[in-house]
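J.: I'd like to ask some things about the structure below.
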Amino acid sequence: MSEGILHKYYLNNGNFRINKWFHYFDIYERHLARFVGKSPVMVEIGVLGGGSLRMWKDFLGGGAKIIGIDINPDCKKYECPGIEFFIGSQDNSQIINQIFDKYQNIDIVLDDGSHLMHHMIKTFDLMYNRMNSKGLYIVEDTHTCYWEDYGGGLRSSKSFIEFVKGKIDELNAPLSRDAVESTEFTRSTSGITFYDSMVVFEKNRQGIRQSMITQGM
């Protein structure tokens, strides 16, 4: 169980709007704890009322830089020191390039955008390999992967969940006896964690895999 810092912030929020599933907060704290006080750069896609960006800023510490992406130009009014907005669609490569041109050391990406399958996959392809080598990529609300009106459906080839299932094979490629080819994702990823309505990718450059045997006399 987490310390509940984000739970408390969320429940006591009387300022800008925050819209999150309550069970997400333990997951956030579990994975974001290592960035607290380390001045990380975080991108959140889909910011609505702007409140979540202030929550991340408060949680991660004063040195954190928080960047929002949203299609609504009104979001610019929520900018303040340490919080910046880029206006445009999450699958627009020009917008993503603008962000990486300005912030070349992005530690955390949180996709809480449209939750459309083609957006989720395109954004991952545009951003994941350009993040810091020990970064964290989180995709929220993956229950939409099972909804046809979001481009998904159970075991649909267009579903982001099916896309991630393929990434599991890539992660295990070095031990697949050449059944799966190693990729940059393989070399740069240490783990994928599935939760109810959320997937978390943890980046870490991989070395040569070794096993050992220990035994008593």
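J.: In nm, to one decimal, how far is the modelled label at Ser156 from the one at Ala179, with both set 7 Å along Cα→Cβ?
T.: 2.8
J.: Share of antiparallel DSSP beta bridges in the chain, in percent to the nearest 5?
T.: Numbers: 12 of 30 bridges.
Antiparallel bridges make up about 40 percent of those DSSP assigns within the chain.
J.: Count charges around Glu184 for me, please; just the other residues with Cβ under 13 Å from its Cβ, Lys/Arg as +1, Asp/Glu as -1. Walk me through the intermediate numbers first.
T.: Working: positive: Arg130, Lys167, Arg187, Lys203, Arg205; negative: Asp125, Glu170, Glu181.
Summing Lys and Arg as +1 and Asp and Glu as -1 gives +2.
J.: In nm, what is the difference between 0.36 nm times the number of residues separating Lys165 and Lys77 and their Cα-Cα distance?
T.: Details: separation 88, 0.36 × 88 = 31.68 nm, distance 3.89 nm.
27.8 nm is the gain from fully extending Lys165 to Lys77.
J.: A further question on this structure: Work out how far the C-alpha atoms of the stretch 5-203 reach from end to end along every principal axis, then list the three figures in whole Å, largest first.
T.: 53, 37, 34
J.: Could you size up the charge dipole of the stretch 5-203 around its Cα centre, putting +1 on the beta carbon of Lys and Arg and -1 on that of Asp and Glu, and report it in debye to the nearest 20? Present the calculation step by step, with values, prior to reporting the outcome.
T.: Working: 22 positive and 26 negative charges, 117 e Å.
Rounded to the nearest 20 debye, it is 560 debye.
J.: If each DSSP helix of 4+ residues adds -39,500 (n - 2.57) and the sum is divided by the residues in the chain, what number results at 222 nm, nearest 500 deg cm²/dmol? If you can, show how the numbers build up before the last one.
T.: Values: 7 runs with 64 residues, N = 217.
Result for the chain: -8500 deg cm²/dmol, rounded to the nearest 500.
J.: Mind checking Rg over Rh on the stretch 1-98, alpha carbons, Kirkwood formula for Rh?
T.: On the way: Rg = 13.4 Å, Rh = 14.0 Å.
Result: Rg/Rh = 0.96.
J.: Pairs of lysines 8 or more apart, or on different chains, with alpha carbons under 20 Å: count those in the chain, would you?
T.: Lysine pairs meeting the criterion: 29.
J.: While we're here: So, R0 is 25 Å and r is the distance between the beta-carbons of Arg34 and Asn97; what FRET efficiency does that work out to, to 0.05?
T.: Details: r = 28 Å, r/R0 = 1.11.
The pair Arg34/Asn97 has a calculated efficiency of 0.35.
J.: Compute for the stretch 46-131: radius of gyration divided by Kirkwood radius, i.e. Rg/Rh, restricted to C-alpha atoms, rounded to two decimals. Let's see the in-between values first.
T.: Numbers: Rg = 12.3 Å, Rh = 13.2 Å.
That ratio equals 0.93.
J.: Also, I was wondering about something else. Pick out, from Gly49, Pro73, Ile208, the residue whose Cα sits farthest towards the positive end of the charge dipole of the chain, with +1 on the Cβ of Lys and Arg and -1 on the Cβ of Asp and Glu.
T.: Among Gly49, Pro73, Ile208, the one farthest towards the positive end of the dipole of the chain is Ile208.
J.: Using the Kirkwood radius over C-alpha pairs as Rh, can you work out the diffusion coefficient of the stretch 137-217 via Stokes-Einstein at 20 °C, viscosity 1.002 mPa s, in µm² per second?
T.: Values: Rh = 14.4 Å.
Answer, rounded: 148 µm²/s.
Quick note: the coordinates plus some simple rules give every number you see, no bench work behind them. Quick caveat, the model's predicted, so the values are computed rather than measured. A quick note on method: Cβ atoms are made from the backbone with ideal geometry, for glycine too, and the neighbour counts reach across all protein chains shown.
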